[in-house]
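K.L.:
Before anything else, here's the structure in question.
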Amino acid sequence: MKVRHLFTLVAMTAVTGCSVGGLLGQTAPGAGADPAGQACRWLGEQTSDAAPARLDLVVLIDRSASARDGKGRAWDWYRAVFGGAGTAVGDAVSFPNTRVPTPARIRVGAFDGEGSVEWVVGDLLLPHLTATADGYRSSYALNVSDCLRDAVGRAAASPPREPGSAVLGALDVDRVQTSAPDAEHRLVVATDGLSTQGCASLGQTAMRDLTLVRRIVRACQGQRAVPDLKGWAVEMAWLGHPGAGRPQPRQSHRKWLTSLWSGLCAATGAHPCRIADGRPPDPARGTEGVPVTVKDPVIAFASTERAPSPFVKKVFPENLLFPTGSAVLHVKGRELLTRFADELAGQAPESVGVAGYADDRGGTTYNEELSRRRAQAVGDVLRRAGLRGVRTEGRGEIAGNCPSPNAGDTKACNRRVEIVYRVRG
């Protein structure tokens, strides 16, 4: 996963004390937000006994266009994730929706269709909350609440860079260094789970047939697009709720979507996976007017499953894939096929066939064997991308593709590989 640090917060000692609001010099959206970064600065100034973190908490906010309403307002993700202000209970900060034991490491970031995370808080290390005076404990809990409200609000309000939501790319937190391997690892993903990119793309899926869920999961695994989240607990509890003014899924679609993300989460090795379609709170105040210049793919919520689409043929001329007389893909040809396979696998195709062809130069046996091996080489790339049931055959010099008899190099139009497939509507 590519990681961009918009603002990095390392809150361990007075030396590292820093401010989200101070770095930006502006207030965060939402009531009760930390206007000058004072809460985060205060937490950074607290002494720590250097005890290892008991909790590694990562909060990822989907900032895509579909997660906003027609006015550009984002959901109030702070209230959805945390539920409101926290209170000091023992050595933890207890929120209405969750509990944060201390010491803890917290990261908050935003993502869209780019496949990367932009960190608003890259490392917030909460010191151990000990049994000190009630006034201090109350201040501690209040500042944790305000700092997180500020960070989550900034993540939600930041404008998307690319269309859609590359959720699986954002989930790849395994590449982000874990400071406390023995801590509890908790990953919260605030997303509608709809305008996804890559192998889990829903643009060609009616979200009716549950058998497609297993095929999409297998395709993502075959593409190695499923991150390793063993040791993490994952929560995605607000699926299927795009912003107001956008097409809204029915309950049956949300059930399908919940099944898909349950399967993908299980494939990561995370446990437990809390996947649900709970509706998030109203849009956050103060997020109006965010410049959203990219548009998300339109997801059509069909009332009935549509029949498979007609067969589609994709033709790759010989010179794009193979050296002359060879069945070994050259580097650019392999890259071209891999990109095509990634896009096709995300559509969970109903059937895929690969046929190799040759011109009429050389012997018939030679042409059939060469075209067969080329089709097999292409089929191997498709299978590695997660496509199942790929059929390959070599057709030699039959079924010429040139418009009329030709000679010499003008017969290149016959030397080709064709991929014929169809996807469910």
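The values are calculated or read from the model by the stated rules, or taken from the named source; none is laboratory data. Keep in mind the model is a prediction, meaning the values are calculated, not measured. Cβ sites come from the backbone with ideal geometry, for glycine too, and all protein chains shown count toward neighbours. Surface areas here come from the heavy atoms of the whole protein model, side chains and all, with no ligands, DNA or RNA. Shrake-Rupley method; radii C 1.70, N 1.55, O 1.52, S 1.80 Å.
K.L.:
So which residues in region 149-176 are in contact with a Cys (Cβ under 9 Å, 6 or more places away or on another chain) and either of a type outside the set (D, E, K, R) or modelled with pLDDT of 95 or more (or both), if there are any at all? Even if it seems obvious, please write down each step before you answer.
P.N.:
Let us first name the residues in region 149-176 that are in contact with a Cys (Cβ under 9 Å, 6 or more places away or on another chain), namely 150-151, 168, 171.
A151, L168, L171, listed by residue number.
Every residue, every condition in (1) at pLDDT below 90; (2) of a type in the set (D, E, K, R); (3) more than 17 Å from V167 (Cα to Cα), yes or no:
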{"residue": "A50", "(1), (2), (3)": "yes, no, yes"}
{"residue": "D62", "(1), (2), (3)": "no, yes, no"}
{"residue": "G72", "(1), (2), (3)": "yes, no, yes"}
{"residue": "F82", "(1), (2), (3)": "no, no, yes"}
{"residue": "R105", "(1), (2), (3)": "no, yes, yes"}
{"residue": "E118", "(1), (2), (3)": "no, yes, no"}
{"residue": "L126", "(1), (2), (3)": "no, no, yes"}
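K.L.:
Condition (residue is of a type outside the set (F, W, Y), within 21 Å of K295 (Cβ to Cβ) and touching a His at 6+ places or on another chain (Cβ under 9 Å)) applied to region 178-192: is it met by at least one residue?
P.N.:
yes
K.L.:
Right, here's the next one. Go through region 101-117 and count every residue that is in contact with a helix residue (DSSP H, G or I) (Cβ under 8 Å, 6 or more places away or on another chain), open to solvent by less than 10 Å² (accessible area, probe 1.4 Å) and among the small types (G, A, S).
P.N.:
Residues that pass the stated criteria total 3.
K.L.:
Here's a follow-up. Return yes when V144 is at pLDDT 90 or above, in contact with a helix residue (DSSP H, G or I) (Cβ under 8 Å, 6 or more places away or on another chain) and assigned to a strand (DSSP E or B) and no when it is not.
P.N.:
Numbers: at pLDDT 90 or above: yes; in contact with a helix residue (DSSP H, G or I) (Cβ under 8 Å, 6 or more places away or on another chain): yes; assigned to a strand (DSSP E or B): no.
Spelling it out, it is not the case that V144 is at pLDDT 90 or above, in contact with a helix residue (DSSP H, G or I) (Cβ under 8 Å, 6 or more places away or on another chain) and assigned to a strand (DSSP E or B).
K.L.:
Could you list, in sequence order, the residues of region 177-196 that are open to solvent by 20 Å² or more (accessible area, probe 1.4 Å) and either closer than 23 Å to R250 by Cβ or modelled with pLDDT under 75 (or both)?
P.N.:
Residues satisfying the conditions are Q177, T178, S179, P181.
K.L.:
Moving on to the next point. Does S252 satisfy the criteria of being in contact with a strand residue (DSSP E or B) (Cβ under 6 Å, 6 or more places away or on another chain) and in a helix (DSSP H, G or I)? Quick ask: steps written out before the conclusion?
P.N.:
Working: in contact with a strand residue (DSSP E or B) (Cβ under 6 Å, 6 or more places away or on another chain): no; in a helix (DSSP H, G or I): yes.
No: the conditions fail for S252.
K.L.:
For region 67-104, which positions are in a helix (DSSP H, G or I) and in contact with a strand residue (DSSP E or B) (Cβ under 7 Å, 6 or more places away or on another chain)? Can you show your working first?
P.N.:
Going through region 67-104, the residues in a helix (DSSP H, G or I) turn out to be 67, 77-82.
Correct list: A67, W77, A80, V81.
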